[in-house]
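Here is the structure we will look at.
The values are calculated or read from the model by the stated rules, or taken from the named source; none is laboratory data. The structure presented is a predicted model; accordingly, all values stated were derived computationally and were not measured. No Cβ is skipped: glycine too gets one built from the backbone with ideal geometry, and neighbour counts run over all protein chains shown. Heads up: the accessible areas ignore ligands, DNA and RNA and are worked out on the full protein's heavy atoms, side chains in. Shrake-Rupley method; radii C 1.70, N 1.55, O 1.52, S 1.80 Å.
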Amino acid sequence: QVQLVESGGGLVQAGGSLRLSCAASGRTFSPYLMGWFRQAPGKEREFVAAITWRGLNTYYTDSVKDRFTISRDNAKNTVYLQMNSLKPEDTAVYHCAARNNNRATTVAYEYNYWGQGTQVTVSS
């Protein structure tokens, strides 16, 4: 089992920045694929970003490319999501997810472990 705990959410004005963290505990963090998803009220859970085990490959949904950066520190069992130039449409609960292999995917049900989420609210 892997436990995931997100932190770093909050209220920010449009154009601002936030850095989300996801701390993993339990089984070894590697070689898990790690991802971030988000869910806005009344909408389906949406893929945001993913990063492979050694951080060599990253993936982003088009709407966050050039604004968000995913990274990981395997020594600290932590994955990060740096969010810059935030927009009101980025408002959502952001969830960290882990897949128990290193094959990249943007599909939520292919991830095995999930955190409870952290709220990000961007005001206009």
Just to check your reading of the model, which residue among Ala50, Ala14 is within 14 Å of Ala98 (Cβ to Cβ) and either buried (at least 19 other Cβ atoms within 10 Å of the Cβ) or in contact with a Ser or Thr (Cβ under 6 Å, 6 or more places away or on another chain) (or both)?
Ala50
Of the candidates Ala104, Ala92, Ala75, Ala108, the one satisfying the condition of being open to solvent by 60 Å² or more (accessible area, probe 1.4 Å), over 16 Å from Gln1 (Cα atoms) and among the aliphatic types (A, V, I, L, M) is Ala75
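Of everything in the range 111-120, what is open to solvent by 60 Å² or more (accessible area, probe 1.4 Å) and either closer than 18 Å to Gly10 by Cβ or touching a Cys at 6+ places or on another chain (Cβ under 9 Å) (or both)? Give them in sequence order. Don't jump to the end; show me each part of the working.
The initial filter retains those residues of the range 111-120 that are open to solvent by 60 Å² or more (accessible area, probe 1.4 Å), namely 112, 114, 116, 119.
Correct list: Trp114, Gln116, Gln119.
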Being within 11 Å of the chain's Cα centre (by Cα) and open to solvent by 70 Å² or more (accessible area, probe 1.4 Å) narrows it down to one residue among Arg45, Arg19; which is it?
Arg19
Under 7 Å between Cβ atoms, at least 6 apart or on separate chains: pull out the pairs that start in the range 50-68 with a residue that is on the phi < 0 side of the Ramachandran plot and end on any residue that is of a type outside the set (S, T, N, Q) and assigned to a loop (DSSP other than H, G, I, E, B).
Ala50/Ala104; Thr52/Ala104; Trp53/Pro31; Trp53/Tyr32; Asn57/Ala104; Tyr59/Ala104
Specify the residue that is farthest from Val93 (Cα to Cα); the eligible residues are those in the range 11-64 that are part of a strand (DSSP E or B) and among the β-branched types (Val, Ile, Thr).
Thr58
